[in-house]
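None of the figures in this text is laboratory data; all of them are computed from the coordinates on show. Everything numeric here is computed off the predicted structure, so don't read it as measured data. Virtual Cβ from ideal backbone geometry, glycine too; neighbours counted across all protein chains shown.
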């Protein structure tokens, strides 16, 4: 899915935080009972700044033990 947003209304990091609250980023190739690579957790970015923001947020979530298990989201 590609998301178009207005950064004057919501920031990229805010969108990532929502992304991490609406699914389980600790299960590889699975979401609930649905299994397969099409259910993997992945963040596709448009530039290095977005990539770094995503990687930084993942590092922060893991350092704070938010999910209890390692985050397997691909960036």
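Taking 25 Å as R0, compute the FRET efficiency from the Cβ-Cβ separation of residue 4 and residue 34 and round it to 0.05.
0.45
In nanometres, what is the gap between the two model label sites at residue 45 and residue 67, each 7 Å from Cα along Cα-to-Cβ?
Between residue 45 and residue 67, the simple spin-label model gives 1.7 nm.
How do 44-55, 1-12 rank on mean C-beta neighbours within 10 Å, highest first? Mind dumping the intermediate values first?
Values: 44-55: 13.1, 1-12: 8.2.
Ranking the peptides 44-55, 1-12 by packing returns 44-55, 1-12.
Explain nothing, just the number: relative contact order of the chain, from Cα pairs under 8 Å at least 6 residues apart, as a whole percent.
33 percent
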